[in-house]
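Note sheet for the following structure.
The values are calculated or read from the model by the stated rules, or taken from the named source; none is laboratory data. Note that the coordinates shown come from a computational prediction; the quantities given were computed from them, not determined experimentally. Reconstructed Cβ throughout: ideal geometry from the backbone, glycine too, with neighbour counts over all protein chains shown. Ligands, DNA and RNA are excluded from the accessible area calculation, which covers all protein heavy atoms including side chains. Shrake-Rupley method; radii C 1.70, N 1.55, O 1.52, S 1.80 Å.
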Amino acid sequence: MASPVLEATDLVKDFGAVRPVDNISFELRRGEILGLLGANGAGKTTAINMILGIVTPTSGTIRVFGKDLARERIAILRRMNFCSTYTQLPGNLRVWQNLTVFGKIYRVPNLKRRIDEVLDLLEIRHLKDRVSGHLSAGESTRLNLCKALLNKPELLLLDEPTASLDPDIADKVRTVTKRIREEDGTSILYTSHNMRDVEEVCDRVVFMHKGRILFTGTAAEILSHSNEQSLESLFIRVARGGEIESGEGKGEPDATT
Amino acid sequence: MTFSTIQALVLRNLYLYTRTPVRLVELVFWPLVDLLVWGYLTVFLQKHTGDSFPYQITFLIGAVILWDILFRAQQGVALYFLEDVWSRNLLNVFSAPVTNADYLVSTYVIGFLRAAVTSLLLAVLAIVLYSFNLFELNWSLLPFVFNLLVFGWSLGMISTALIVRWGPAAETLAWAVPFFIQPFAAVYYPVASLPPAIQWISQWIPCSHIFEGMRDGLKDGVVSWNDLAMATGLNAVYLALAGWLFVRVMRTAREKGLLTKFVAQ
Ligand SMILES: Nc1ncnc2c1ncn2[C@@H]1O[C@H](COP(=O)(O)OP(=O)(O)OP(=O)(O)O)[C@@H](O)[C@H]1O
Ligand SMILES: [Mg+2]
């Protein structure tokens with residue numbers, strides 16, 4: 001099998017006395033959409049920030065495209081991208097100006113054409129000349145996604161991409177996510193609280209709780225281990241501290257038990 | 001270091017100034033107020049002190065212009081970072097393939113452009129309003145001005161490092177840092193007029209040699225190579241130390257998750 005695009009091994013992060021990520025290991029295979037699922041504070045964003053190099057792990061290693069992130073961060077970042085509901089593009093610039101700036105940072109060839117392409121893909125071409133700060137929350141999430149797709153990333157990190165979207169647009173974003181995976185073979189790490197997202201988009205799920213991984217596997221595999229009818233009810237039970245026998249899809253031993 | 005990245009980061013700031021021209025007011029308004037106040041003070045002093053210290057007095061106008069070069073350069077660097085904080089863009093920038101060097105060099109460029117706009121404007125107005133011609137120093141002016149610019153960059157990096165380390169609460173440092181050193185830097189008065197202990201401090205500040213050298217230059221028309229050499233040497237040390245501090249603080253910020261906290265606040 002081809003080597004994984006992303007390999008996180010024994011990742012730990014301590015912020016003083018807080019340990020938001022507690023010894024997790026997982027991998028993202030080429031062309032796969034992997035869901036990172038977990039309640040508020042489970043450590044999803046911290047994990048993503050470590051993969052982006054914005055937060056350095058206390059211990060453990062991250063390999064992306066077979067390279068060590070700690071050593072080859074810039075070369076790796078060129079080939080990936082990220083979109084989060086927590087960040088915005090500068091509100092005082094126009095949409096096309098923001099995309100131009102990031103397009104140049106990522107050295108996107110034929111930038112003007114690529115900008116039109118991504119705007120079309122997210123159906124916001126008509127907003128091209130608008131001031132970014134004047135966009136609605138949903139529009140600005142889609143602009144963030146445009147930025148994240150500019151360089152045709154081989155690895156895309158999406159932190160709650162559908163959080164502020166209405167059902168119609170959320171559905172479109174899911175469709176786009178699947179489409180870029182089909183067309184460009186993009187590997188995607190996708191965090192969300194929205195079970196619909198996870199069930200519809202993700203090939204496999206890493207289920208985090210309090211910094212640890214409880215389950216890894218397809219949604220069906222996870223459910224078969226948990227005596228729950230749906231991911232949603234499993235999620236709620238875990239979040240409320242219900243007793244869960246942790247298990248792992250495909251019979252792999254779980255990292256945390 | 002990548003040219004296209006630096007170009008993009010500079011472009012982001014140029015868009016900002018063209019998009020919101022009201023930002024230019026800050027580049028023009030405060031320096032202009034300074035020039036008017038110090039300029040008319042000079043006119044007044046000249047009238048009432050006769051010919052005894054004419055050069056020191058007209059130098060007040062030169063000092064205003066030169067101090068502004070330093071201040072705008074420092075602010076160019078520090079505000080550049082704050083713009084990304086204010087617009088919640090920090091994670092986008094630092095999760096992109098941007099090295100510390102790319103980032104710093106683009107802040108220098110912005111600092112330089114800001115200083116250039118303000119100083120040219122002030123220099124021309126000083127000629128028109130007060131017949132004070134800074135360019136009397138000819139080409140020897142350039143190395144002095146360049147030294148001020150570089151010291152402004154160093155102070156800018158120090159301000160940014162403090163803001164990264166201590167969070168948005170430290171934002172006011174972006175404006176305050178140059179004024180910490182101003183009293184020691186002999187901007188408006190000769191070093192000799194300071195008490196000995198402060199004179200001792202002031203010899204370690206690059207820009208005090210610049211202002212001292214400028215005063216001598218305007219008085220005798222002779223370039224003070226000694227002052228220039230001291231300023232350049234000290235500047236090299238400050239620039240290296242400030243760069244080191246910035247890089248170190250960025251590393252700490254990654255360890256403590258400080259960059260992500262900016263987003264949350
Ligand atoms: N920079 C930081 N400094 C200190 N603690 C932090 C920092 N960043 C995150 N934490 C803590 O780490 C824990 C995990 O946070 P994280 O943002 O990773 O959770 P999450 O799974 O993304 O949650 P959510 O679903 O709410 O986005 C939280 O308790 C948070 O307070
Ligand atoms: Mg999160």
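Restricting to segment B:94-105, what's the tally of residues that are crowded, with 20+ Cβ neighbours inside 10 Å and more than 7 Å from every other protein chain (Cβ to nearest Cβ)?
3
Restrict the check to segment A:74-86 and report whether at least one residue is touching a residue at least 12 places away in the same chain (Cβ under 8 Å), open to solvent by less than 10 Å² (accessible area, probe 1.4 Å) and either within 13 Å of ligand 1 (Cβ to nearest atom) or of a type in the set (Lys, Arg) (or both).
Among the residues of segment A:74-86, at least one is touching a residue at least 12 places away in the same chain (Cβ under 8 Å), open to solvent by less than 10 Å² (accessible area, probe 1.4 Å) and either within 13 Å of ligand 1 (Cβ to nearest atom) or of a type in the set (Lys, Arg) (or both), which makes the answer yes.
So that you can scan it fast, the table gives a plain yes or no per residue for (1) open to solvent by 40 Å² or more (accessible area, probe 1.4 Å); (2) out of contact with any helix residue (DSSP H, G or I) (no Cβ under 9 Å at 6 or more places or on another chain); (3) within 12 Å of chain B (Cβ to nearest Cβ); (4) under 25 Å from B:Asn13 (Cα atoms):
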| site | (1), (2), (3), (4) |
| --- | --- |
| A:Ile62 | no, no, no, no |
| A:Arg107 | yes, no, yes, yes |
| A:Arg113 | yes, yes, no, yes |
| A:Glu123 | yes, no, no, no |
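So which residues in segment A:20-56 are farther than 12 Å from A:His209 by Cα, within 14 Å of chain B (Cβ to nearest Cβ) and not aliphatic (A, V, I, L, M)?
A:Thr45, A:Thr46, A:Asn49, A:Gly53, A:Thr56
For segment A:167-181, check the following and say yes or no: at least one residue is within 13 Å of chain B (Cβ to nearest Cβ) and not hydroxyl-bearing (Ser, Thr, Tyr).
Here is the first cut: in segment A:167-181, the residues within 13 Å of chain B (Cβ to nearest Cβ) are none.
Looking through segment A:167-181, none of the residues is within 13 Å of chain B (Cβ to nearest Cβ) and not hydroxyl-bearing (Ser, Thr, Tyr).
Need pairs with beta-carbon distance below 7 Å; first residue assigned to a strand (DSSP E or B) and within segment A:143-164, second among the basic types (Lys, Arg); sequence gap 6+ or separate chains.
What qualifies is A:Leu155/A:Arg79.
Just one of B:Ala123, B:Ala116 is in a helix (DSSP H, G or I), over 15 Å from the mean Cα position of the chain (by Cα) and not acidic (Asp, Glu); which is it?
Of the residues listed, the single one that is in a helix (DSSP H, G or I), over 15 Å from the mean Cα position of the chain (by Cα) and not acidic (Asp, Glu) is B:Ala123.
Assess whether B:Thr260 counts as being surrounded by 19 or more Cβ atoms within 10 Å (Cβ to Cβ), within 14 Å of chain A (Cβ to nearest Cβ) and out of contact with any Pro (no Cβ under 7 Å at 6 or more places or on another chain).
yes
May I ask you to list the residues in segment A:20-47 that are among the hydrophobic types (A, V, I, L, M, F, W, C) and closer than 20 Å to A:Ile180 by Cα? Step through it out loud before you land on a result.
In the first step, residues of segment A:20-47 are kept if they are among the hydrophobic types (A, V, I, L, M, F, W, C); the result is A:21, A:24, A:26, A:28, A:33-34, A:36-37, A:39, A:42, A:47.
Within segment A:20-47, A:Leu28, A:Ile33, A:Leu34, A:Leu36 meet the criteria.
Quick one: A:Leu189 ticks every box in (1) open to solvent by 10 Å² or more (accessible area, probe 1.4 Å); (2) hydrophobic (A, V, I, L, M, F, W, C); (3) within 16 Å of ligand 1 (Cβ to nearest atom) except a single one, so which number is it?
Every listed condition holds for A:Leu189 apart from (1).
So for segment B:156-168 (the condition being away from chain A (no Cβ under 14 Å), of a type in the set (D, E, K, R) and more than 19 Å from B:Phe246 (Cβ to Cβ)), does at least one residue qualify?
no
Please state which one of A:Leu52, A:Leu34, A:Leu99, A:Leu89 is more than 16 Å from ligand 1 (Cβ to nearest atom) and at pLDDT 95 or above. Explain how you work it out, then say what you get.
Values: A:Leu52 fails: more than 16 Å from ligand 1 (Cβ to nearest atom); A:Leu34 fails: more than 16 Å from ligand 1 (Cβ to nearest atom); A:Leu89 fails: at pLDDT 95 or above.
The unique qualifying residue is A:Leu99.
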